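Computed from the coordinates by the stated procedures, all read-outs in this text should not be read as laboratory data. None of the values given here were measured: they were computed from a predicted structure. So basically every Cβ, Gly included, is an ideal-geometry build from the backbone, and we count neighbours across all protein chains shown.
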Amino acid sequence: MKKDIVSLSCEELEKELLTLGQEKYRGRQIYAWLSRGVRDFDDMTNLPASLRDLLKAEYRLYAPKILRKQVSREDGTIKYLWELYDGNAVETVIMQYKHGNTVCVSCQVGCRQGCAFCASTIGGLVRSLEPSEILDEVLFSQMDSGKKISNIVLMGIGEPLDNFENVMRFLELVNDPAGMNIGMRHISLSTCGLTERFDELAEKNLQLTLSVSLHAPDDETRSKLMPANRGRGIEQLMEACRRYYKKTGRRISFEYAMIDGVNDTARHAEMLAERVKSVGAHVNLIPLNHVEERQFRPSTPGHMKAFIRILESKGVNVTVRRRLGSDVDASCGQLRRKTEANM
Ligand code: SAH
């Protein structure tokens, strides 16, 4: 297969052009076209035709195609299902908040983490996305929707720390002032807790927000819901979080999906408050999105209120995530599943 040109940094492109016997500035010119979403070498009109032919022979260039696009009538949330170069599909969601437009991107086709409540993991992992494919989710949903993207959350299909190198390169590309120039402080990376990668991430000292999908305060419940907890455990996760915070100075955010009768009792709230205090983190409660193939149900509003009251009485900083796009299957992996089932 030909090389993936969109995954290259500007510096790498300059070097590549030199090895192709071209002048270095051509690399910058090509990078500028690519950053603007141009995905056909013939549209790079400031390059000589001979260079365009050379590029076509060396590199592949592909624009993701829209397989499905759904716009929520309730809140304007837009959901895209993109077709990738090999026929696989991933989802991207644009959500509108007061502080700007947030895009939620996928980083893998499917997922191997096996969380019991999640739709993305049902068919397992097919493959990881290239940096270029994650970048194109942001770039092409911005171009198609006409909505300027100011924030990114890596909370779509897949586990970012299971595609570490490609996600790091994606962050570098999307953060580049010569590219989309989205600041690290406007990016959240969500993980099910692959603790063995936390130190490596901390070493990079990125100013992004690390979101940890906790979903339970005790090993028994968490290991049932999240296979990633087995063999690691919550204490190891908290240790890794403490080290991450110490190194980067960035507060961690814990995601907690409220599941009826599973993790939403007063006892869970008390244990959660203890856990969180030791890390100084913030808790983001999410009412579970019901997934057709899964037996779990969201907690009742009454149980959620009681849960929040306990957390707040213990001084925990807690927010509840607003549900957006529920009429467009906007949660993890649901659109991809439905489309596959229909094909
Ligand atoms: N693999 C990463 C990121 C993808 S999922 C992670 O595990 O964090 C993004 C968030 O949505 C995670 O917190 C995940 O646990 C949560 N999630 C998955 N399925 C859900 C559902 N049915 N309802 C509510 N949240 C869900």
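Return the FRET efficiency for the residue pair residue 99, residue 66: r is the Cβ-Cβ distance, R0 is 25 Å, and the value is rounded to the nearest 0.05. Kindly include the intermediate steps, with their values, before the conclusion.
Details: r = 27 Å, r/R0 = 1.07.
Approximately 0.40, to the nearest 0.05.
How would you order 146-159, 172-185, 275-288 from highest to lowest mean count of nearby Cβ atoms within 10 Å?
Numbers: 146-159: 20.6, 172-185: 16.4, 275-288: 18.6.
Going by the mean number of other Cβ atoms within 10 Å, highest first, we get 146-159, 275-288, 172-185.
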In region 16-54, whose amide N lies under 14 Å from the spot 7 Å out along Cα-to-Cβ of residue 143? List them in ranges.
31-45
Compute the semi-axes of the equivalent ellipsoid of the chain, taking the square root of 5 times each eigenvalue of the Cα gyration tensor, and list them largest first in whole Å.
38, 22, 17
Give me the one-decimal nm value for the distance between modelled label points at residue 266 and residue 85, 7 Å along each residue's Cα-to-Cβ direction.
5.8 nm
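Taking every DSSP beta bridge with both residues inside the chain, roughly what % is antiparallel (nearest 5)? The partial results should precede the final answer.
Working: 21 of 46 bridges.
Around 45 percent antiparallel, to the nearest 5.
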Bounding extents of region 113-232 in its principal axis frame from Cα atoms, largest first in Å, are 47, 32, 22
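Only four residue types carry charge here, +1 at the Cβ of Lys and Arg and -1 at the Cβ of Asp and Glu. Report the dipole size of region 1-54 about the Cα centre in Debye, rounded to the nearest 20.
Working: 9 positive and 10 negative charges, 9 e Å.
About 40 debye.
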